[in-house]
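S.K.: Please find one structure pasted underneath; my questions will follow.
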């Protein structure tokens, strides 16, 4: 499966993102709001094309044998960039009195 993720479309912090991504790897169902596209190519391996913090990053290749490991350890341990932990988290919706 190939999955295109735009992390910038979600306000969740990194720990929520990791948990959500783990669920994707465990179920194989690409139903997350940050997924902009996916391609079922018949492979049990997963290739993730991630856009995060305003940048497109190198593809993340997850071999079928490593899916469970990545699902529980977190995708952030397997990338070559440091994702921001905090996101907007709804701060733009707070009204000031």
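The values are calculated or read from the model by the stated rules, or taken from the named source; none is laboratory data. Quantities reported herein were computed from a predicted structural model and do not represent experimental measurements. With ideal geometry, Cβ positions are generated from the backbone for all residues, glycine too; neighbour counts draw on all protein chains shown.
S.K.: Filter the stretch 1-16 for residues that are without any contact (Cβ under 8 Å) to a residue 60 or more places away in the chain, farther than 19 Å from residue 65 by Cα and touching a strand residue (DSSP E or B) at 6+ places or on another chain (Cβ under 9 Å); which is surrounded by the fewest Cβ atoms within 10 Å (Cβ to Cβ)? Break it down stepwise before answering.
M.R.: Let us first name the residues in the stretch 1-16 that are without any contact (Cβ under 8 Å) to a residue 60 or more places away in the chain, namely 1-6, 8-9, 16.
The next check asks that each one be farther than 19 Å from residue 65 by Cα; those that pass are 4-6, 8-9, 16.
Going one step further and asking which of them are touching a strand residue (DSSP E or B) at 6+ places or on another chain (Cβ under 9 Å), we end up with 4-6, 8-9.
Numbers: 4: 18, 5: 26, 6: 16, 8: 14, 9: 12.
Checked the stretch 1-16; the qualifying residue surrounded by the fewest Cβ atoms within 10 Å (Cβ to Cβ) is 9.
S.K.: Moving to a separate point now. Within the stretch 29-40, track down each residue that is part of a loop (DSSP other than H, G, I, E, B) and within 16 Å of residue 19 (Cα to Cα). Break it down stepwise before answering.
M.R.: From the stretch 29-40, those part of a loop (DSSP other than H, G, I, E, B) are 29-34, 40; that's our starting set.
Once the filter is applied, which keeps residues that are part of a loop (DSSP other than H, G, I, E, B) and within 16 Å of residue 19 (Cα to Cα), the stretch 29-40 yields 29, 30, 31, 32, 33, 34.
S.K.: Give the residues of the stretch 41-60 that are touching a strand residue (DSSP E or B) at 6+ places or on another chain (Cβ under 8 Å) and in a loop (DSSP other than H, G, I, E, B), sorted by residue number.
M.R.: Residues satisfying the conditions are 41, 45, 57, 59.
S.K.: Applying the selection to the stretch 61-97, what residues are over 19 Å from residue 2 (Cα atoms), part of a loop (DSSP other than H, G, I, E, B) and either in contact with a helix residue (DSSP H, G or I) (Cβ under 9 Å, 6 or more places away or on another chain) or modelled with pLDDT of 95 or more (or both)?
M.R.: Selection gives 82, 83, 84, 85, 86, 87.
S.K.: Any idea which of (1) in contact with a helix residue (DSSP H, G or I) (Cβ under 6 Å, 6 or more places away or on another chain); (2) surrounded by 16 or more Cβ atoms within 10 Å (Cβ to Cβ); (3) part of a helix (DSSP H, G or I) is the one residue 26 doesn't satisfy?
M.R.: Here residue 26 meets the rest and fails (2).
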